[in-house]
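Everything below concerns the one structure shown next.
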Amino acid sequence: VYDLGQNITGWARVGGTGTAGSPVTIRFAEMLNDDGTLYVENLRSARATDSYTPATGGAFTFEPHFTFHGFRYVEVAGTTVAPELELIVGIVLHNDMTPTGSFASSSELVNQLQSNIQWGQRGNYLEAPTDCPQRDERLGWTGDAQVFIPTGAYNFDVNSFFVKWQRDLIDSQGAEGTIPSVAPAVRYMAPEDDQDGGPAWSDAFVICPWVIYQRYGDRRILEESYPAMRRFVASMEARSRGLIRSDEFVWDWGGYGDWVSMDAPEGSSVGATPKDLIGTAYFAHCADLLARIADLLGRERDSRELRDLHRRIVAAFQSEFVTPSGRVLGDTQTSYVVALAFDMLPIELHQSAIDRLVRQLEARNWRLSTGFVGTASLCNVLNRSGRPDVAYRLLLQEEFPSWLYTVKQGATTMWERWNSYTLDKGFGPVSMNSFNHYAYGAIGDWMYSHAAGLSIDLSQPGRPPLSIRPEPGHGLTHAAAELETPFGTARSEWRLEEDGAAVFLQIAIPANTAARVEIDADFHPIEIGLRSDATQQGSREIAELVVRDERSTGPQVFTVASGSYEFRWRRASTA
């Protein structure tokens, strides 16, 4: 048994010596049992086995091409002697995507998490955005793709990859406008007359094209998809009861819920968050996004109708799921995350909802219980609500369940479940236990956009497309991100100085664009200057290039022209 040291998708090139007519068998696995044998129970019916029969005796090299496996460990049997290490080579296979983003921090565990996220994306962006590469599934699951795409679009150029997959979704659309759980469609996933993937899964049909437009600025994916997306939103309205989607009296299944949440009942993968709450929130979100798309495409009548639909869905959500004091039905972490992420609450109840979410996290000793749906937006919601300290606390948590717990157990890709493997209980449920499953890697979006502070949004005309909004401190002393944008390379890098009393920030803004730079109001600027390599600015004064927004009453806001800059801030208490 050979350990590659990295969980990959692909195949193995195996060399050795064999006997004529005597089969050599090569098996694959992601993990080992305690006795050192391959852990294959999670593969279900997948054989994950290659066989080679030498025609003659002596040395051979075998490498298949029309298959792939998900694996870290390779077992070779049937050779005359155990092959030398250099004769076992893992061949990595994934779609041809250009790397575009990098993230690094002062925490080696967080840096390994970033590596795990990127390797998980490589392993599952293969022909379609699959859920896992190792077992008898390998399907283009819509929910996984939807929650992860903001992160995926940082790490690699996924524009053409998702344009192609959006066409798979269009091809898979049902006669009533519904979108299935997977694309390309597999008919055994649901009755042929009811190809509805349910909340957060089928909604990838609207959400993924919007993210692609935000990141790359090419609206052709929206133009090509718009008629089908309009039918999809209409299908949600037709299948709702009083605009409550996934109502059990209309649709007894109702979707996958907050999949593999830690608050799921024993023996179930569906979390405790009500499916109709998730469904109605996502219904509103899709109506809102499609209204923006209609505006962009000049479909004014559709835009008016969709904005009215969105308003009515939000009102129905508040009536059905929200109490006057701000408690959200289900009272789970995901209930509050979804309601806050999609602006489903009256403004006066936002604070009570975020307070309730934070209290729930504290009651669990700062551990999350969210599944696929809630995890994707959890830290972004905390940041937007003024609690980056809690978001960092979750990121840096090392106890189970957490992102860094899996890292400390030796993970080199993302796991399907928080409990895919734990020290006290061993392997999780074998029926669904992938060790290369990128959904929980959705935290990468927050790591880029808030921890390092670098993001891009091309969907807001009149605003700088780049944003530099770092959240220094909270357990990290340094963070950096770099992103290849349609304009060129953007960069944000900060480090704490003076024992945390000051922040040194370096940024690079590519040509022909600008950035909005925000820094917390607790810091005072003490120095802003051009880097020595910013020669393209010539003799222009710094005041022309960095313009402060004096109207901002919260964070300090600057509009920054292209170039390379250095900023220093000091905490207000030490300024």
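The values are calculated or read from the model by the stated rules, or taken from the named source; none is laboratory data. Just so you know, these numbers come straight off a predicted model, no measurement behind them. Reconstructed Cβ throughout: ideal geometry from the backbone, glycine too, with neighbour counts over all protein chains shown. Side chains included, ligands, DNA and RNA excluded: accessible areas come from the protein's heavy atoms. Shrake-Rupley method; radii C 1.70, N 1.55, O 1.52, S 1.80 Å.
Screening ASN365 with (1) within 24 Å of GLY473 (Cα to Cα); (2) open to solvent by less than 20 Å² (accessible area, probe 1.4 Å) gives one miss only, at (2).
Within region 44-83, the set of residues being over 22 Å from SER434 (Cα atoms), in contact with a Phe, Trp or Tyr (Cβ under 6 Å, 6 or more places away or on another chain), part of a strand (DSSP E or B) and open to solvent by less than 50 Å² (accessible area, probe 1.4 Å) comprises PHE62 only. Within region 550-558, the presence of a residue that is polar (S, T, N, Q), modelled with pLDDT of 85 or more and under 31 Å from the mean Cα position of the chain (by Cα) is excluded. Yes or no: PHE487 at pLDDT below 95, in contact with a strand residue (DSSP E or B) (Cβ under 6 Å, 6 or more places away or on another chain), of a type in the set (Phe, Trp, Tyr) and open to solvent by 10 Å² or more (accessible area, probe 1.4 Å)? For PHE487, the condition - at pLDDT below 95, in contact with a strand residue (DSSP E or B) (Cβ under 6 Å, 6 or more places away or on another chain), of a type in the set (Phe, Trp, Tyr) and open to solvent by 10 Å² or more (accessible area, probe 1.4 Å) - is not met. For region 341-358, state whether one or more residues are closer than 18 Å to PRO150 by Cα and of a type outside the set (A, V, I, L, M). Within region 341-358, one or more residues are closer than 18 Å to PRO150 by Cα and of a type outside the set (A, V, I, L, M). Restrict the check to region 413-423 and report whether at least one residue is crowded, with 20+ Cβ neighbours inside 10 Å, more than 26 Å from ILE347 (Cα to Cα), touching a Ser or Thr at 6+ places or on another chain (Cβ under 7 Å) and not polar (S, T, N, Q). Yes, that holds for at least one residue.
Applying the selection to region 424-455, what residues are at positive phi and either of a type in the set (Ser, Thr, Tyr) or surrounded by 24 or more Cβ atoms within 10 Å (Cβ to Cβ) (or both)? Of everything in region 424-455, just one residue is at positive phi and either of a type in the set (Ser, Thr, Tyr) or surrounded by 24 or more Cβ atoms within 10 Å (Cβ to Cβ) (or both), namely GLY453.
Evaluating LEU378 against the criteria (1) touching a residue at least 12 places away in the same chain (Cβ under 8 Å); (2) among the aliphatic types (A, V, I, L, M); (3) open to solvent by 10 Å² or more (accessible area, probe 1.4 Å) leaves one unmet condition, (3).
Residue by residue, here is whether (1) more than 20 Å from the chain's Cα centre (by Cα); (2) closer than 21 Å to LEU476 by Cα holds:
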{"site": "VAL373", "(1), (2)": "no, no"}
{"site": "VAL390", "(1), (2)": "no, yes"}
{"site": "GLU399", "(1), (2)": "yes, yes"}
{"site": "THR406", "(1), (2)": "no, yes"}
{"site": "VAL430", "(1), (2)": "yes, no"}
{"site": "HIS437", "(1), (2)": "no, no"}
{"site": "GLY444", "(1), (2)": "no, yes"}
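The set of residues in region 84-106 that are surrounded by fewer than 19 Cβ atoms within 10 Å (Cβ to Cβ) and assigned to a loop (DSSP other than H, G, I, E, B) comprises GLU84, LEU93, ASN95, ASP96, MET97, THR98, THR100, SER106. Given the condition part of a loop (DSSP other than H, G, I, E, B), closer than 30 Å to SER431 by Cα and open to solvent by less than 10 Å² (accessible area, probe 1.4 Å), answer yes or no: does some residue in region 137-159 qualify? So far as region 137-159 goes, yes, one or more of its residues are part of a loop (DSSP other than H, G, I, E, B), closer than 30 Å to SER431 by Cα and open to solvent by less than 10 Å² (accessible area, probe 1.4 Å). The residues on offer are LEU458, LEU476, and the sole one that is of a type outside the set (Gly, Ala, Ser), under 26 Å from the mean Cα position of the chain (by Cα) and open to solvent by 10 Å² or more (accessible area, probe 1.4 Å) is LEU458. Candidates in region 423-437 are the residues that are at pLDDT 90 or above and among the polar types (S, T, N, Q); of these, the one that is farthest from SER269 (Cα to Cα) is ASN436. When PRO265 is tested against (1) closer than 18 Å to ALA376 by Cβ; (2) without any contact (Cβ under 8 Å) to a residue 40 or more places away in the chain; (3) not polar (S, T, N, Q), only condition (1) is not met. The helices (runs of 4 or more DSSP H) found entirely in region 232-344 that carry 1 or more residues being surrounded by fewer than 17 Cβ atoms within 10 Å (Cβ to Cβ) and modelled with pLDDT of 95 or more are 275-296, 300-321. Among the residues of region 414-442, those identified as touching a helix residue (DSSP H, G or I) at 6+ places or on another chain (Cβ under 7 Å) and outside any loop (DSSP other than H, G, I, E, B) are VAL430, TYR438, ALA439, TYR440, GLY441, ALA442. Residues of region 490-509 that are surrounded by 23 or more Cβ atoms within 10 Å (Cβ to Cβ), under 16 Å from ALA104 (Cα atoms) and in contact (Cβ under 8 Å) with a residue 40 or more places away in the chain: SER492, TRP494, ILE507. Can you say whether PRO464 is crowded, with 18+ Cβ neighbours inside 10 Å and touching a Ser or Thr at 6+ places or on another chain (Cβ under 7 Å), as far as the supplied structure shows? So PRO464 fits the description; yes. Looking at this structure, is VAL206 in a helix (DSSP H, G or I), modelled with pLDDT of 95 or more and farther than 16 Å from ALA439 by Cα? Here the answer is yes, as VAL206 does meet what is asked.
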